[in-house]
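Encoded as structure tokens, the structure appears first; notes follow it.
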Amino acid sequence: MTTASEAAAAAPAAAAGITGNVASAAGLFGGALGVGLAGSKAVEAVGRNPGAFGNILVIGIIAMALAEGLGVMALFLAR
């Protein structure tokens with residue numbers, strides 16, 4: 001059984017872990033939001049100009065990769 005002083009000493013470490021988890025979740029949410037917006041706009045652009053499908057596909061994949069890369073970077077930096 002732990003005493004009150006032991007529990008108080010362990011509290012900052014637990015709070016740091018929770019803070020890191022929240023920061024990584026926020027970063028990954030931003031990456032997912034970026035991928036969704038890039039995909040949405042790519043589909044909208046193809047609907048507007050179907051002849052440019054190949055160019056839009058390449059640009060859309062690059063935009064999605066950059067957005068997801070920033071989310072993964074946020075995951076590593078938050079830990």
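Before moving on, here are some points about what is shown:
- Taken together, SER5, SER24 contain a single residue that is surrounded by fewer than 10 Cβ atoms within 10 Å (Cβ to Cβ), at pLDDT below 95 and of a type outside the set (A, V, I, L, M, F, W, C), which is SER5.
- Candidate set from region 18-33 (those that are among the small types (Gly, Ala, Ser) and more than 8 Å from the chain's Cα centre (by Cα)); member that is farthest from GLY69 (Cα to Cα): GLY20
The rows are residues; the columns are (1) surrounded by 10 or more Cβ atoms within 10 Å (Cβ to Cβ); (2) assigned to a helix (DSSP H, G or I); (3) at pLDDT 85 or above.
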| site | (1), (2), (3) |
| --- | --- |
| THR19 | yes, yes, no |
| SER40 | yes, yes, yes |
| ALA45 | yes, yes, yes |
| GLY51 | no, yes, yes |
| ASN55 | yes, yes, yes |
| GLY60 | yes, yes, yes |
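The values are calculated or read from the model by the stated rules, or taken from the named source; none is laboratory data. Since we're looking at a predicted model, the values are computed, not measured. Cβ atoms come from the backbone with ideal geometry, glycine included; neighbour counts cover every protein chain shown.
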